[in-house]
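One structure is given below, encoded as structure tokens.
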Amino acid sequence: MHTKPTLRCDGVNRRELLTIGALSALGLTLGDALRASAAFSGGRGLGGNSCILIWLDGGPSHLDTFDPKPDAPSEVRGPFSTISTRIPGIALSEHLPRTAQVLDKVALIRSLTHELGNHDTGSHFLLTGHRPNPALAYPSLGSIVAKERGNRAALPPYVVLPEATSALGPGYLSGAFGPFTVGRDPAQARDLALPEGLTLERLGERRAILEQLDHFSKTVEANAVTQSRDAAYEQAYRLLASPEAKAAFDLTREPASLHERYGRSKLGTACLTARRLVEAGARFVTVVDSGWDTHQNIAKTLPDALFPGSGKLPALDRAYAALLTDLSERGLLENTLVVLMGEFGRTPKLNALGGRDHWPRAGFACLAGGGVRGGQVIGKTDASGESPTERPVRPEDLSASILTLLGIDPATEYRHPDGRPLRLITDGAMLKELV
């Protein structure tokens, strides 16, 4: 069982898939981290939507959040009461009061289901739309969007705040489509300033040297690795040289009142940063919120029972509601798909330690904005939240729906390096209720 917010019960640390380095002697070792996806996308899938994915790492309890069972026995119902929402007849946990007031913007899926109860395999399934395959690493949804949609301005198309989990990478795609990660503190994005003593003029000289070396390299061997490095270095230079790109990460430009609305938690800071990034042109931003592996004492760990700011639910409630409201007020929600989910739900009955264990047979996902019809509930679980009884939704269906809403055909085929055709989503179907 986890003892730190950054650990899950399987002992796996959340780790960065890609590490952003400092500048090397000849130029930018941001390299593989800052991706020039437009060079590879060929202009396909140029839909207008961006996406913010809030990933609740560890497996959030559906019964204590978005699918409570107030009439069930206490060992199923849990320690929390419920509150009404903007959707008539639909209740949420008492610790989500702000979310309850914006639920008319949300399509709440209460019948998400699969069979993979391990953190890593469940995460891979939800974040890629494919069951894990030891012989083939599938790309995350963010990497697919980066490839298909390209980049706008100087911002990387795919950003993870604050750090990437193992399932958020490019898989069999080029490393050019992996995420840019900002480090442990979402308020302090790394490598957006030049090291001491290095000016843009000097950087430009080093860039010219690098271009000459690469030109020589191309005359010897033209290959995808060199092309990918060229594109990555080009975008790295653009990011460092762009005041607009650096400004997108600068939270000091936001008023204190807005910081308070989102909350001063890491999740609140990351969600505010995500809004700034999509506003500035990022295509896909994933916010990773760890600490949802609640095997014990949820009565104290989920609400603010230990001290103000200690609970997972109040921080989520404040940040999520603020994000939807902020996007709506700025006229951005219609073109920004906001997805909230984790790898699975939790067991219908409390365990002996007052927590809940892994339960992939039932879970939830919330979709808002990006053309989604809000104010509805899709699917239903039984009286104990054990299994779906109406409209079961598979990870493949959810992934196909997200891609479709972002203007990408889930039936698109890529080619594996060995020549095999690989479909983006194999078995899933768009949830027509969403639109």
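The values are calculated or read from the model by the stated rules, or taken from the named source; none is laboratory data. Every value quoted in this text rests on a predicted model; they were computed, and no experiment measured them. Glycine also receives a Cβ, built like all others from the backbone with ideal geometry; neighbour counts cover every protein chain displayed. Accessible surface is based on the protein model in full, side chains and every heavy atom, while ligands, DNA and RNA are left aside. Shrake-Rupley method; radii C 1.70, N 1.55, O 1.52, S 1.80 Å.
Let's see how each residue does on (1) within 16 Å of residue 346 (Cα to Cα); (2) in contact with a Lys or Arg (Cβ under 9 Å, 6 or more places away or on another chain):
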| site | (1), (2) |
| --- | --- |
| 63 | yes, yes |
| 68 | yes, yes |
| 76 | yes, yes |
| 85 | no, no |
| 101 | no, yes |
| 105 | no, yes |
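What tally of residues in the range 57-90 results from selecting those that are out of contact with any Gly (no Cβ under 8 Å at 6 or more places or on another chain), β-branched (Val, Ile, Thr) and over 20 Å from residue 117 (Cβ atoms)?
Residues meeting the conditions: 4.
Could you list, in sequence order, the residues of the range 118-150 that are open to solvent by 30 Å² or more (accessible area, probe 1.4 Å) and outside any helix (DSSP H, G or I)?
Residues satisfying the conditions are 118, 131, 132, 133, 134, 135, 137, 138.
Output the number of the condition that residue 402 fails; it satisfies all remaining conditions of (1) outside any loop (DSSP other than H, G, I, E, B); (2) within 22 Å of residue 84 (Cα to Cα); (3) open to solvent by less than 10 Å² (accessible area, probe 1.4 Å).
That leaves (2) as the condition not met.
State which residue pairs qualify: first residue buried (at least 22 other Cβ atoms within 10 Å of the Cβ) and inside the range 277-306, second residue among the hydrophobic types (A, V, I, L, M, F, W, C) and assigned to a loop (DSSP other than H, G, I, E, B) in any location, beta carbons under 6 Å apart, and separation of 6 or more residues or different chains.
Once the first residue is buried (at least 22 other Cβ atoms within 10 Å of the Cβ) and sits in the range 277-306, its partners that are among the hydrophobic types (A, V, I, L, M, F, W, C) and assigned to a loop (DSSP other than H, G, I, E, B) give 282/155; 293/9.
Yes or no, residue by residue, for (1) within 22 Å of residue 94 (Cβ to Cβ); (2) open to solvent by less than 40 Å² (accessible area, probe 1.4 Å); (3) aromatic (Phe, Trp, Tyr):
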{"site": "324", "(1), (2), (3)": "yes, yes, no"}
{"site": "344", "(1), (2), (3)": "no, yes, yes"}
{"site": "352", "(1), (2), (3)": "no, no, no"}
{"site": "355", "(1), (2), (3)": "yes, yes, no"}
{"site": "363", "(1), (2), (3)": "yes, yes, no"}
{"site": "370", "(1), (2), (3)": "no, yes, no"}
{"site": "390", "(1), (2), (3)": "no, no, no"}
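When the range 324-360 is examined, which residues are found to be acidic (Asp, Glu) and in contact with a Gly (Cβ under 6 Å, 6 or more places away or on another chain)?
Once the filter is applied, which keeps residues that are acidic (Asp, Glu) and in contact with a Gly (Cβ under 6 Å, 6 or more places away or on another chain), the range 324-360 yields only 343.
Has the range 314-321 got at least one residue that is touching a residue at least 24 places away in the same chain (Cβ under 8 Å), over 19 Å from residue 430 (Cβ atoms), hydroxyl-bearing (Ser, Thr, Tyr) and surrounded by fewer than 20 Cβ atoms within 10 Å (Cβ to Cβ)?
no
Can you tell me which residue among 395, 388, 410 is within 18 Å of the chain's Cα centre (by Cα), over 20 Å from residue 105 (Cα atoms) and in contact (Cβ under 8 Å) with a residue 40 or more places away in the chain? Step through it out loud before you land on a result.
Numbers: 388 fails: within 18 Å of the chain's Cα centre (by Cα); 410 fails: within 18 Å of the chain's Cα centre (by Cα).
Matching residue, one of 395, 388, 410: 395.
Using the structure shown, decide if residue 178 is modelled with pLDDT of 90 or more, open to solvent by less than 10 Å² (accessible area, probe 1.4 Å) and under 25 Å from residue 130 (Cα atoms).
Here the answer is yes, as residue 178 does meet what is asked.
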